[in-house]
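Visitor: Starting off with a structure, shown below.
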Amino acid sequence: MFQANALSGAIMLLGIFWGAIASGTPQVAFGGVVGLAISTLTGYLLNLPSRDGRAGLWGFNGVLVGCAFMTFLGNTPLAWAALILASAMTTWVRAGLDRVGASHKVNAMTMPFVLCTWIFLAAARLL
């Protein structure tokens, strides 16, 4: 899946749109696009290595957060606000996890998505 290729990312995003529209939940696909934009923008604002951004390493966790939040939290203003915050956090968390794992040659992959989503979904249930 991690092809470091914009075309493969676009094809996956097209598949997300197809599935979301077919299931009557277009907000899931739009959540993915918002998550992609926010997490990518965060990478640039944090001045992280641009090669990671070009490879899609900032955006894919944001896409996953966007899809998950719209699936599990619904299409509400608070869910969108949480999506924006968590998508931005994934880029920052990824940078930290990659630094920690560098000595062991371990990449964070989707762990930022998992951590941020679990934390936000757990908080949503409590609130």
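The values are calculated or read from the model by the stated rules, or taken from the named source; none is laboratory data. None of the values given here were measured: they were computed from a predicted structure. In this analysis, Cβ positions are derived from the backbone assuming ideal geometry, glycine residues included, and neighbour counts consider all displayed protein chains. Surface areas here come from the heavy atoms of the whole protein model, side chains and all, with no ligands, DNA or RNA. Shrake-Rupley method; radii C 1.70, N 1.55, O 1.52, S 1.80 Å.
Visitor: Using only protein heavy atoms and a 1.4 Å probe, report how much of residue 21 is accessible, in Å² to the nearest 10.
Guide: Approximately 110 Å² of residue 21 is accessible to the 1.4 Å probe.
Visitor: Take the Cα atoms of the chain, find their three principal axes, and give me the spread along each one in whole Å, biggest first.
Guide: Taking the Cα atoms of the chain, the three principal extents are 43, 37, 24 Å.
Visitor: Normalise the Debye intensity by I(0) for the stretch 36-102, one equal point scatterer per Cα, no solvent, then take log10 at q = 0.11, 0.14, 0.17 Å⁻¹ and round to two decimals.
Guide: -0.25, -0.39, -0.55
Visitor: Measure nothing but the geometry: give the 0 to 90° angle between the long axis through the Cα atoms of 59-72 and the longest principal axis through the Cα atoms of the chain, rounded to 10°.
Guide: Its long axis makes an angle of about 30 degrees.
Visitor: Below 10 angstrom from the Cβ of residue 58, what's the summed charge of the other residues (Lys, Arg +1; Asp, Glu -1)?
Guide: Its environment carries a net charge of +1.
Visitor: Expressed as an acute angle from 0 to 90° and rounded to the nearest 10, what is the orientation of the C-alpha long axis of helix 111-126 relative to the principal long axis of the chain?
Guide: Taking Cα atoms only, the helix is inclined about 40 degrees.
Visitor: Against the longest principal axis of the chain, how steep is helix 6-22, in degrees 0 to 90 to the nearest 10, with axes from Cα atoms?
Guide: 20
Visitor: Once you have the alpha carbon radius of gyration of the stretch 63-127, what is it after dividing by 2.2 N^0.38 Å, with N set to its residue count?
Guide: Relative to the rule-of-thumb radius for its length, the stretch 63-127 sits at 1.19.
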